[in-house]
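Chemist: Quick one: structure below, then a few questions.
The values are calculated or read from the model by the stated rules, or taken from the named source; none is laboratory data. All values reported here derive from a predicted model rather than from experimental measurement. As a convention, Cβ positions derive from the backbone with ideal geometry for all residues, glycine included, and neighbour counts pool all protein chains shown.
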Amino acid sequence: MSDRSPAYILILILLFSAPSFGLENSTDLYKKGARLALNGKIDEAILVFKKVIDISPYYCMGHYGLGKAYLYKYGMIDEAIRQLRLSVKYDTRFAKGYFYLGMGYLLSGKYVDAIHSFRTAYRYNEAMSEALYNTGAVYDLMDRSYKAQVYFGKFGAESKSKEEEMESDEI
């Protein structure tokens, strides 16, 4: 016989049977929130993302999902920026987080911060060529046409390169 206490055995049973009790983890909840947001149920998605953050306060995806949902919710730009800042704080190389943080800054008129965020997104993921375009658009809004043209040109070169790559794959 084992000298394990009944409390120890009960804890093991609870740990290994937790899914049967209907406990949700932050990753599954994030996916649920993302599906709700994609289906246009932003208010419901916000509630789910808040629950994700309650479960895992340092999980970048919870803050990212909540920040994006707030971007789509009229009048919640400051809160979106706050959440998206947290997402890139908890994953400092999270390109999508930087991209949407740039969108938040753009919408709030914080153009220098938007440029920094878009450039950081592209630096961490060069597949995000739309970050180049958005950087150009922000420079254009700032009446810095030369810089705008530089980034629009980079975006055009990236787009052409991707098209050529796709055409060569088809052959």
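Chemist: Pairs please, first residue from the stretch 33-48 and in the same structural domain as L66 (by TED's automatic domain parsing) and hydroxyl-bearing (S, T, Y), second anywhere and surrounded by fewer than 13 Cβ atoms within 10 Å (Cβ to Cβ) and assigned to a loop (DSSP other than H, G, I, E, B), Cβ atoms under 6 Å, 6+ apart in sequence or on different chains.
Modeler: Going by the 6 Å Cβ cut-off, there are no qualifying pairs.
Chemist: Another question about this same structure. When residues of the stretch 105-129 are filtered for being within 19 Å of Y72 (Cβ to Cβ), surrounded by fewer than 16 Cβ atoms within 10 Å (Cβ to Cβ) and of a type outside the set (S, T, N, Q), how many remain?
Modeler: Adding up the residues that qualify gives 2.
Chemist: While we're here: Taking the stretch 130-160, which residues are among the small types (G, A, S) and modelled with pLDDT of 95 or more?
Modeler: First, pick out the residues of the stretch 130-160 that are among the small types (G, A, S): 131, 136-137, 145, 148, 153, 156-157, 159.
Passing the criteria: A131, G136, A137, S145, A148, G153.
Chemist: Sort out which residues of the stretch 109-137 are closer than 22 Å to G62 by Cα and assigned to a loop (DSSP other than H, G, I, E, B), and write them in order of number.
Modeler: N125, M128 - these are the residues of the stretch 109-137 that are closer than 22 Å to G62 by Cα and assigned to a loop (DSSP other than H, G, I, E, B).
Chemist: A follow-up question, please. When residues of the stretch 138-152 are filtered for being within 17 Å of G109 (Cα to Cα) and in a helix (DSSP H, G or I), how many remain? Walk me through how you get there before you give the answer.
Modeler: So the first thing to find is which residues in the stretch 138-152 are within 17 Å of G109 (Cα to Cα), and the list is 138-144, 148.
Filter again for in a helix (DSSP H, G or I), leaving 138-141, 148.
Looking only at that region, the number is 5.
Chemist: Among residues belonging to the stretch 47-68 that are closer than 17 Å to R35 by Cβ and among the hydrophobic types (A, V, I, L, M, F, W, C), point out the one that is surrounded by the fewest Cβ atoms within 10 Å (Cβ to Cβ).
Modeler: That would be L47.
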